[in-house]
Amino acid sequence: MPSTLTEVCPLCNSFDISFSLKAKDYTVSGEEFEIWKCKNCSAKFTKNPPSENEIGRYYNSEKYISHSDSNSGFINKVYHFVRRLTLRSKRKLIESYTTLRNGNILDIGSGTGAFAAEMKRAGWAVTALEPDTNAAKNSAKLHNIHPLPTSELFNISGKFEAITMWHVLEHVYAVHNYLNEVKRLLAQNGRVFIAVPNFLCYDETVYNEFWAAYDVPRHLYHFSPRSMESLLAAHGLKVIEMKPMWFDSFYVSMLSEKYKTGGNIIKACFTGAASNLKALNDSGKCSSVIYIAAHIN
């Protein structure tokens, strides 16, 4: 692999890459970053992001809710409301595709621990991994979930019937190394659940460089269904189903509208609804997609 994320496409190694757009970090720094696109696999990626040693400061903000768990402000309150609704649906999804009511689950990038706690209450044996120390402290405080550092991924033994990465893969520098470990740790009949934003959605076309799900520089990669299928196949995994995340279009549109106009909630809700309508018969057009994957062989 190249030494940086910008010499070639970091997902497929193609040199057939070109400038797509420039986006601003509205959450922490106010800096602008270029986003490039790969013609070969169709992924986009953030060009010249901070190094892995420098990226920490771009997460260090109360505005970064997945780590701070802040409940201040209307949009953060919406986030918490939606999360409460979706925790149970995520558990039901895992039970459905693993055909298990309990088992071993690995939650990579567990954040403040809400999902891990939901699975633990349901009787699953949970191993949680989280790189951010503040998020890990909040996880212990709020949910009595004590995640291991994400570096422990490479030291874990045993097999898991379910491995989850909820809006995590787009943040991971060593994405190929992570997916190698996911394949190693996945039980033969196990399932991987990966949720990521999808730039082929309608709300991206409305907001473009203001689209909140680009979330530069924290999001290193920006996925389409084709790029995700290609990436997983390169690591011996196949996508067996794509599921929409209907609430994400509203949440992302609210943030995007705030960035673009200062915040028009009615317009944001209209855009979110329109985005979902356009994805009604095609999950590959939803604002965020859950990819359910299994071993190829």
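The values are calculated or read from the model by the stated rules, or taken from the named source; none is laboratory data. For clarity, every value in this text was computed on a predicted model and none was experimentally measured. In this analysis, Cβ positions are derived from the backbone assuming ideal geometry, glycine residues included, and neighbour counts consider all displayed protein chains.
Assorted remarks:
- Residue in the range 152-175 that is of a type in the set (S, T, N, Q), farther than 23 Å from Y291 by Cα and touching a Pro at 6+ places or on another chain (Cβ under 6 Å) present: no
- Test: residue in the range 214-234 that is more than 18 Å from the chain's Cα centre (by Cα) and not in a helix (DSSP H, G or I): yes
- Residue pairs whose Cβ atoms lie under 7 Å apart, separated by 6 or more positions or on different chains, with the first residue in the range 145-157 and within 17 Å of V175 (Cα to Cα) and the second of a type in the set (D, E) and crowded, with 20+ Cβ neighbours inside 10 Å, are T150/E130.
- Condition met for S288 (of a type in the set (S, T, Y) and within 19 Å of M165 (Cα to Cα)): yes
- Meets criteria (buried (at least 22 other Cβ atoms within 10 Å of the Cβ), touching a residue at least 24 places away in the same chain (Cβ under 8 Å) and on the phi < 0 side of the Ramachandran plot) for V206: no
- Of all the numbered requirements in (1) more than 14 Å from F160 (Cα to Cα); (2) of a type in the set (A, V, I, L, M, F, W, C); (3) buried (at least 16 other Cβ atoms within 10 Å of the Cβ); (4) more than 16 Å from the chain's Cα centre (by Cα), A135 misses one, and that requirement is (4).
- Pairs meeting the criteria (first residue in the range 95-106 and modelled with pLDDT of 95 or more and assigned to a helix (DSSP H, G or I), second residue of a type in the set (D, E) and surrounded by 13 or more Cβ atoms within 10 Å (Cβ to Cβ), beta carbons under 8 Å, at least 6 apart or on different chains) are Y97/E241; T98/E161.
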